[in-house]
Amino acid sequence: MEPLLALVIGGLYAAALFMMLRRSIVKLVIGLMLLSNAANLLIFTAAGLTRGVPPLVPEGLTRPDGLSADPLPQALVLTAIVISFGVLAFAVVLIHRAYEAVGTDDLRRLRDTDT
Amino acid sequence: MLAFAILSAFAVAPLAPWLHRRAPAASSWLLALLPLMVTGYFLTLLPAAADGAVVVRYPWVPGLGIELSFLVDGLSLLFALLISAIGAFILIYSGGYLAGQPALGRLQLLLLLFMGSMLGLVMADNLVTLFVFWELTSITSYLLIGFDHEKGENRRAALQGLLVTAGGGLALLAGLVLMGMAGGSYSLSVLLGEGEALRAHALYLPMLLLILVGAFTKSAQVPFHFWLPNAMAAPTPVSAYLHSATMVKAGVYLLARLSPALGETPEWTALLTFVGGLTALTGAVLAVRATDLKRILAYSTVMSLGTLVLLIGIGSETALAAALLFLLAHSLYKGALFLVAGIVDHQTGSRDVTGLRGLRWTMPLTALFAGLAALSLAGVPPLFGFAAKEMVLETALGTGLTVTLTVVISAALTVVAAGLVGVRPFIGEPSPTPKAPREGPWGMLLGPAVLAGGGLLIGLLPVPLIDALLGAALSAVQGRPAVLTTALWHGINPTLALSAAALLAGIAGYRYWNPLRRSLGALDRLAALAPERFYERAMDGLVWLADRQTRLLQNGDLHRYILTVIFTLLVLVGYTLATRHPLMPEISAQLLFHEAVIGAVILIAAVFAATTRSALGAVAALGAAGFGIALIYVLFSAPDLGMTQVLVETLTVVLLVLVLYRLPGFTRISSRARLLADAGVSALAGATITWLLLLAVEVEWSPTISGFFVDNSQSLAHGRNIVNVILVDFRALDTLGEITVLALAALGVYAMVRLRGKER
């Protein structure tokens, strides 16, 4: 699965960067979301994939029985997912306000506008 | 006790503005008590220092081997006494100079800070401590030159002084580090005993050159001399204190201090005598060309600093003794003359020697002290300056013809400068001045009286204290016991003849000053080569470069920023991967059909989002990719991630759709070529990430941190979901930070939504 995921993550990165290179601020934000998803998946995959053994301690034991998935990258990625959602919510409202004030979603025209 | 004496100025300085507000008239006298007490304390150290160096250590940064350690020997005591004793009179003088002005408190603060820094510099034993104090003096000098900061000219002069001296300070730091490495210690007291090893070390030349750049910039040697005359923008007490008596001698101090460790090599002698001699001549010529009292004195100071460097470069016992005598004499008469110039400026409103005449009737005491100091500067017996000049000439005669000529010519020109500053304004018919001249107040006369009187006293009588101090200093510079007397009379010998010749030539030069000035004007054609031009061009070039690179890097175009990031990634990651790893990783992993389908869905959704014209379509594709990723999390043992991803993805899509509803649809605004180029760059970046990941999953790693969490989740935190335990227990503070970020984002969103409501 790792080679396929490597391909998928590369595709996500390419699509995200391409969208961020566009002049529409909406595309920029969508690209940013794709990029954070891609980065999360990258960390998750790079740490090693394990099928079907979540890091849980069964009832009656003090530690998982045998091999289980690595909990650390999961904790990191979980934090990242939530933070990126906070960023997105803020960015979305911000571009909406900017559009109302300036009347364009073209970044090229936004940069000189002093409103 | 020693550290307390040295650092007390830092403790008292912040109180100065407060004290000045409470007692404007008395504050300077009260503050002067501190340097007087410090002077007294240093005098008690003299007997111990005369017997040999005393080192006092306090740990500062033990981990880095940096300690706050002080070295007390004759040389550091000589400087420390000059700094604290002259400091006391400067503080009293400032009280008269800025009487009734609110800025006085700030001046007192800065003067005390400077005094502390300078004392630390000359007493420091650890090289790093020395450097810290060295830079502190540069910074206080910057603040003092720009004291009257409302004038652009002053700010420029201050910045120039700072850049030259602090730039040299960086070279000095490098040199000191090299010396510390070569000598195996950062303690001066240790390094001074390792002269043989240091001089034979492979790093000797780089070390010497770097340290010399530091010393030469600080002590205004050619080609760095130009900052010192410009520093005359400072209030006169500052010029007298920093830019004549103490700070500019820090470079000389350093050279004298290091001469047992680095001196007496051909490189040392050649560099110091050449630069010192050239500086002495340059300073002497420029002093005679100038017409502003303070500039004449500044150039004359440059001449003296050059002579000191020359003498230390020669390095014989006579030369070093001459350097110490000359240093003490110079601090006395030049300090007095600067203070006199300040009184003249303060009481008449002018500093132009061509317009000031006949002040002896209105300012008799000032005239007396000025005359005494000028005679000492000119080297007329029985003043102390004569004894010092005799020693200098004796050294020069013993060294060679070039040095003798240099010394005699600069001595003659110095006589002219002495006449211009200390004699000319006071004799002749009184001429009108901007302010009606009046004798200066007592506080301002005290300093010149003591300094000029000191020059007379030491010249006339043998003062045992001064002899003991200079003898101890000479022993320290030489690294072996020595005796030094300030005896005036050396008998009739060639030295005396040379001295008389220089004096007569100088008097003639003074008599025919105007023609002399005009003929020296021919040298102005060399001005195109003046180092100051190079400084200005370098500064212009720096501004130009900053402007260009800002336009290039900070141009406000997001497209270019992102491209810069991508190319940086491609170059750094691509280069590392290509050079350090096998090009093709081994691919061996099983692939299940349903997993392949999910991967394909994510890929197709990503490509669709990037290429579609419909905003809604792009959001839908983003959602599809997000849910696909959630499924992957679930399949590979991360149910918590899957759950979170599903929730967040749902909210994201809802939010985007709500907002996009109000925004215009996508239109194609980029050209076809731009689209293709961007697509190529993005694909390249994506391919690099794929390559990186293929290599990264092969890497073996040791899961010690994870192992701790897995083993202790139940026993320590009583939780069965390990991911959950990490977030809310082991790393709970991180999660608190995350919650804060979300709360801030929510506040921001709320504020923006409310703001719109109000506008309507």
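The values are calculated or read from the model by the stated rules, or taken from the named source; none is laboratory data. Because the structure is predicted, anything quoted here is derived from the model rather than measured. All Cβ positions, even for glycine, are placed from backbone atoms using ideal geometry, and neighbour counts span all protein chains on display. Just so you know, the surface numbers come from the protein's heavy atoms only, side chains and all, with ligands and any DNA or RNA stripped out. Shrake-Rupley method; radii C 1.70, N 1.55, O 1.52, S 1.80 Å.
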Within 10 Å of each Cβ in B:736-748, how many Cβ atoms from other chains are there, averaged over the peptide? 3
Using only the alpha carbons of the stretch B:1-94, determine the length spanned along each of the three principal axes and report them from longest to shortest in whole angstroms. 43, 33, 16
Could you sort B:VAL646, B:VAL573 by their accessible area in this structure, using a 1.4 Å probe and putting the largest first? B:VAL646, B:VAL573
Average other protein chain Cβ within 10 Å of Cβ, residues A:42-53: 5
All Cα pairs of the stretch B:242-329, percent lying beyond 20 Å: 32 percent
Taking a ≥ b ≥ c as the square roots of the eigenvalues of the Cα gyration tensor of the stretch B:679-742, is the shape rounded (a/c under 1.5), prolate (a/b larger than b/c) or oblate? oblate
Over all directions, average the projected area of the Cα convex hull of the stretch B:109-257 and note it in nm². 8.1 nm²
Convex hull per residue volume in Å³, alpha carbons only, for the stretch B:263-421: 90 Å³
What does the convex hull of the Cα atoms of chain B come to per residue, in Å³, rounded to a whole number? 270 Å³
Let me check the size of the stretch B:351-421 from its C-alpha atoms; what are the radius of gyration and Dmax in Å? 14.9, 47
At a Cα cut-off below 30 Å, give the lysines reachable from A:LYS27, other chains included and same-chain residues fewer than 8 away excluded. B:LYS758
Principal axis box of the stretch B:446-600, alpha-carbon based, largest edge first, Å: 111, 49, 37
Please report the projected area of the stretch B:423-509's Cα convex hull averaged over all directions, in nm². 10.0 nm²
What whole number of Å gives the distance from the Cα centroid of the stretch B:632-693 to the Cα centroid of the stretch B:85-159? 60 Å
Take B:ARG551 and A:GLU59, extend 7 Å from each Cα along the Cα→Cβ direction, and tell me the distance between the two endpoints in nm. 7.4 nm
Averaged over all viewing directions, the convex hull of the alpha carbons in the stretch B:527-645 casts a projected area in nm² of 14.7 nm²
When all C-alpha to C-alpha distances in the stretch B:46-130 are sorted into bins of 10 Å, what percent of pairs does each bin hold, rounded to whole numbers? 17, 36, 27, 16, 4
So what are the three principal axis dimensions of the stretch B:176-269 from its Cα atoms, in whole Å, longest to shortest? 45, 25, 20
Just add up the charged neighbours of B:SER475: K/R +1, D/E -1, any other residue whose Cβ is under 15 Å from the Cβ of B:SER475. -2
With everything on Cα atoms, drop me the angle between helix B:364-378 and the longest principal axis of chain B, reported from 0 to 90° to the nearest 10. 80 degrees
So which trypsin sites (Lys or Arg not before Pro) in the stretch B:59-168 pass both tests, a DSSP loop state and at most 16 other Cβ atoms within 10 Å of the Cβ? B:LYS151
Return the Rg/Rh ratio of the stretch B:1-47 with Cα-based radii and a Kirkwood Rh. 1.07
Residue-averaged [θ]222 nm for chain B, counting only DSSP H segments that reach four residues, each worth -39500 (n - 2.57): -24500 deg cm²/dmol
Placing one identical point scatterer on every Cα of chain A and ignoring solvent, what is log10 I(q)/I(0) from the Debye formula at q = 0.14, 0.15, 0.22, 0.23 Å⁻¹? -0.72, -0.78, -1.18, -1.23
Could you give me the ³J(HN,Hα) list for the stretch B:20-25, computed from phi with Karplus coefficients 6.51, -1.76, 1.60 and θ = phi - 60°, whole Hz, x at Gly and Pro? 5, 5, 6, 9, x, 6
Where does the stretch B:602-756 land on Rg(C-alpha)/(2.2 N^0.38 Å)? 1.38
Phi-derived 3J(HN,Hα) across the stretch B:201-217 with the Karplus relation (6.51, -1.76, 1.60, θ = phi - 60°), rounded Hz, x for Gly and Pro, is 6, 4, 8, 4, 5, x, 4, 4, 4, 5, 5, 5, 4, x, 5, 5, 5
Dimensionless Rg ratio for the stretch B:507-557, taking C-alpha atoms and the 2.2 N^0.38 Å reference: 2.19
Taking every alpha carbon pair in the stretch B:617-686 and sorting the distances into 10 angstrom bins from 0 up to the bin holding the longest one, the percent per bin comes out as 18, 29, 33, 18, 2
Can you pull a Stokes-Einstein diffusion coefficient for the stretch A:3-57 at 20 °C (1.002 mPa s), Rh from Kirkwood over Cα pairs, as a whole number of µm²/s? 174 µm²/s
Working from the alpha-carbon coordinates of the protein assembly as shown, get Rg over Rh, Rh being the Kirkwood radius. 1.15
Order the peptides B:661-668, B:113-120 from the highest to the lowest mean number of other Cβ atoms within 10 Å of their residues. B:113-120, B:661-668
For the stretch B:89-135, which semi-axes, largest first and in whole Å, follow from the square roots of 5 times the eigenvalues of its Cα gyration tensor? 29, 10, 5
Going Cα to Cα from B:LYS249, which lysines come in below 21 Å? Please leave out same-chain ones fewer than 8 positions away. B:LYS218, B:LYS294, B:LYS334, B:LYS389
10 Å-binned pair-distance histogram of the stretch B:185-227 (Cα, whole percent): 26, 41, 26, 8
Segment B:LEU159-B:LEU744, length gained on full extension (0.36 nm per residue, minus Cα span): 206.4 nm
Would you mind checking the tilt of helix B:152-183 against the longest principal axis of the Cα atoms of chain B, expressed as 0 to 90 degrees and rounded to 10? 80 degrees
For chain B, the longest principal axis of the Cα atoms and the Cα long axis of helix B:732-759 enclose an angle in degrees, to the nearest 10, of 90 degrees
